[in-house]
Structures are given as structure tokens and as C-alpha cells.
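The values are calculated or read from the model by the stated rules, or taken from the named source; none is laboratory data. Quantities reported herein were computed from a predicted structural model and do not represent experimental measurements. As a convention, Cβ positions derive from the backbone with ideal geometry for all residues, glycine included, and neighbour counts pool all protein chains shown. When the accessible area is computed, the model is the full protein with side chains, heavy atoms only, and any ligands, DNA or RNA have been set aside. Shrake-Rupley method; radii C 1.70, N 1.55, O 1.52, S 1.80 Å.
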Amino acid sequence: ALGDAGRQDAVAAELRHASDRAVNWAIRAVAAYLGDLEGALRLTSAAIDPVRSPEVRALGHVLRAHLELARGRWRAAQAELAAAATLDRDQAMVYLGFMAAAPVLRAPAPGLEALRADLGRWTPAPSTAAREPASRLLPRADLYGPQRLYLLGLLSERLGDHARALEHAAALEAAESSPDVAALVREMAAGLRARCAWSQGRREEALEELLRARRPVRFDLVFPSLLHAQADERFTLAGWLEDAGRHEEALPWYASFMRGSVYDLIYATPSHLKRGAIHERLGEKERAAGHYGRFASDWRGCDPEVRPL
């Protein structure tokens, strides 16, 4: 935070010998609290060191992927996810699904169709199913099944295949899940139904469905968990409120992406673009310029495919 290069070097060196949890928290704090994506990316070298377990190293590559995509670098993010897949394919599959479906990418249909086919063939490894996540850093193995159904539904909705999306929503509702995540799984299904309703023109119904499904989530669950953070739902809800002309309601949802989760970062930078547009429409030009400037700064090295933004 102070810009002390010497101390930054010392901390980076210390992290090579620190616990998995300490390294993870350092990366997340620098990325999410300081908004220093390049600084956080530098610290991830400690997370992917060969001395750590394959699962923890895979998570390191996943974090690197989010930091890259937060800067508009999907190609670099894909390379990190490919590296993660060599260490823990199950982790990589989930994060690839969520990231490829992110609305800011506007991924072409053939790529989404290929990914949906891969997810349809994916079965989590038995060894993963028995794994106990270390210090809550690693994804819960018992949530891979619901996440797979959700991602299949999300990709189907993105492809305009609403019938299949609703089938996956129904499968989610019928799936067995632990009592502590049963409500979350129901919300995921409700989110898929709401998306289909919106795409089919039933906008008021969709808004009410998504607003009704939202509930407070404990910070200690959101911080390490992409699933609990429900970033895509929040970004979608903000966009729907914006489209409905409910700008004052949309702004806090867009602002929710600067609250501490690395998994929020791929939505955080695009949210500045959205917030800038709303403030401009409200005649608040200085605030609009501030958000536009932050977006342009974070994405100054983005891939050519998203440079039009």
C-alpha cells in the first residue's frame, strides 16, 4: 500500500516459505483490497511453487487466471487454466466454465458449445470427491456436481437453448446436497429460471425471481468461494436494474464487486465501465470520468478481442 519496493521484495521472498493459507491471503488482500492486480500476480509465484501440493498449485493458477482476465487478458487466463488442469482437472473445469460464460467476454457460440460438451462429459475424479479442502482454500468436492449442472444451464441459456437450461434447473432442484448448501443450490436453480424468463421477455418476473433468490452470505464463505460469491448473478441483476431504468438500485450491485473476493475481479473492472455510464446519464460527469479512467487503466493491456470496450 505504501509503495515500498524494498519491503515488497522482502515479503515476496518470505511468502516462498509461508503456509498455503498465508500466501493465499496475501494474494487476495493485494488484489481485492488494494486493487493492485500486477502486484498480486507477482505474489502468485509462491502459490505455484513445486514444493506445494498439486491442488494448491492448481488454485494458484486459477487465481492467476482471474487476475489476468480482470485486466482483459482472456488468452493469458486460458493458459493459466490449462496449467491448472494438469494439476487438478476438476478445479480447472469449474473455473473455466464460470469465466468463459462471463458476459464481458461475449464469447462466440462455437466456443460455448464446445465447452458445454466438455462439461457434459466431465465426471469429477473419485480421489477428488474424498478430498478434504485444506484450510477452506480449496473448492468443496461435494459442490462439483451442482456446479456442473449450473454451468450446463448457464451455457445453455447463453446459447439461447432455454429448454435445456430449464432442464438443468430442474435437475439442480432435485439433486441431493448437504444441508448447509441446500438453499444455495435452490438459488442457483432460481437464477437459471430467471435468466430464461428475461431472455424470453418476461422481465418483471425475471427481476423479482432474482431479487427474491438473493440472500445475505457470510463473508468468510464469499471470500474463498466463487460459488458463494455468486458474482455472475450480481452482475446480471445490476444490468437488469440498469436496463429497467432503476439506476439508483443498480449502482450498489455494481459497487459490490470491490468487497474482497478475487473471484469478483473479472466483474469488478467491467463494473467501472457500467458505473461510469450510469453516472454520466445522471449528469455526474466527474464521477463518471473517475470510473471510466479506472476501467481504461486496468484494461490498458487487454486482448484485441475486447479492446472495443
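Would you mind telling me which residue in Pro124, Pro50, Pro179 has the biggest mean-square fluctuation in a Gaussian network model of the chain, where springs connect alpha carbons within a distance under 10 angstrom?
Pro179
Kindly write out, for the stretch 273-285 in residue order, the coupling ³J(HN,Hα) from the Karplus curve 6.51 cos²θ - 1.76 cosθ + 1.60 (θ = phi - 60°), rounded to whole Hz, with x marking Gly and Pro.
After applying 6.51 cos²θ - 1.76 cosθ + 1.60, I find 4, 5, 5, x, 5, 5, 4, 5, 5, 7, x, 9, 5 Hz.
If I model a spin label at Leu159 and Ala255 as a point 7 Å from the Cα along the Cα→Cβ vector, what separation in nanometres do I get?
Label at Leu159, label at Ala255, 3.9 nm between them.
When N is the residue count of the chain, what does its C-alpha Rg come to as a fraction of 2.2 N^0.38 Å?
Values: Rg = 19.1 Å, N = 309, 2.2 N^0.38 = 19.4 Å.
Relative to the rule-of-thumb radius for its length, the chain sits at 0.98.
How far apart, in nm, are the 7 Å Cα→Cβ label points at Arg287 and Arg307?
Using points 7 Å along Cα→Cβ, the separation is 3.3 nm.
Testing the spin-label approximation: label points 7 Å from Cα along Cα→Cβ at Glu248 and Ala18. State their distance in nm.
Roughly 4.3 nm, to one decimal.
Between the stretch 32-46 and the stretch 170-215, what is the separation of their alpha carbon centroids in Å?
About 34 Å separates the Cα centre of the stretch 32-46 from the one of the stretch 170-215.
³J(HN,Hα) across the stretch 98-109 via Karplus (A = 6.51, B = -1.76, C = 1.60, θ = phi - 60°), whole Hz, x for Gly/Pro?
With the stated coefficients, the stretch 98-109 comes to 5, 6, 5, 7, 4, x, 5, 6, 6, 4, x, 4 Hz.
Quick one: among Val104, Val51, Val23, which has the greatest mean-square fluctuation in a GNM of the chain with alpha-carbon springs under 10 angstrom?
Val51
Per-residue ellipticity at 222 nm for the chain, helices alone: DSSP H runs ≥ 4 residues times -39500 (n - 2.57), over residue total, nearest 500 deg cm²/dmol?
Working: 18 runs with 204 residues, N = 309.
Theoretical 222 nm ellipticity from helices: -20000 deg cm²/dmol.
Return a whole-number percent for the relative contact order of the stretch 38-181, with Cα pairs under 8 Å and 6 or more residues apart as the contact set. Can you show the working numbers first?
On the way: 143 pairs, mean separation 23.2, N = 144.
Value for the stretch 38-181: 16 percent.
Which value, in debye to the nearest 20, gives the size of the charge dipole of the stretch 44-189 about its Cα centre, when Lys and Arg are +1 and Asp and Glu are -1 at the Cβ? Mind dumping the intermediate values first?
On the way: 17 positive and 17 negative charges, 104 e Å.
Dipole size: approximately 500 debye.
How would you order 301-308, 227-234 from highest to lowest mean count of nearby Cβ atoms within 10 Å?
On the way: 301-308: 12.9, 227-234: 21.1.
Most protected by this proxy first, the peptides run 227-234, 301-308.
Ignoring any ligand, DNA or RNA, what whole percent of the accessible area of the stretch 1-137 comes from carbon and sulfur when the probe is 1.4 angstrom? Write down the numbers at each step before the final one.
On the way: 3580 of 6430 Å².
Reported share for carbon and sulfur atoms: 56 percent.
Under a point-charge model restricted to the Cβ atoms of Lys and Arg (+1) and Asp and Glu (-1), what is the dipole moment magnitude of the chain relative to its Cα centre, in debye to the nearest 20?
On the way: 41 positive and 41 negative charges, 59 e Å.
About 280 debye.
Accessible area per residue for the chain in Å², computed with a 1.4 Å probe and the full protein assembly in place, what is it? Walk me through the numbers on the way to the answer.
Working: 13900 Å² over 309 residues.
Accessible surface, normalised per residue, equals 45 Å².
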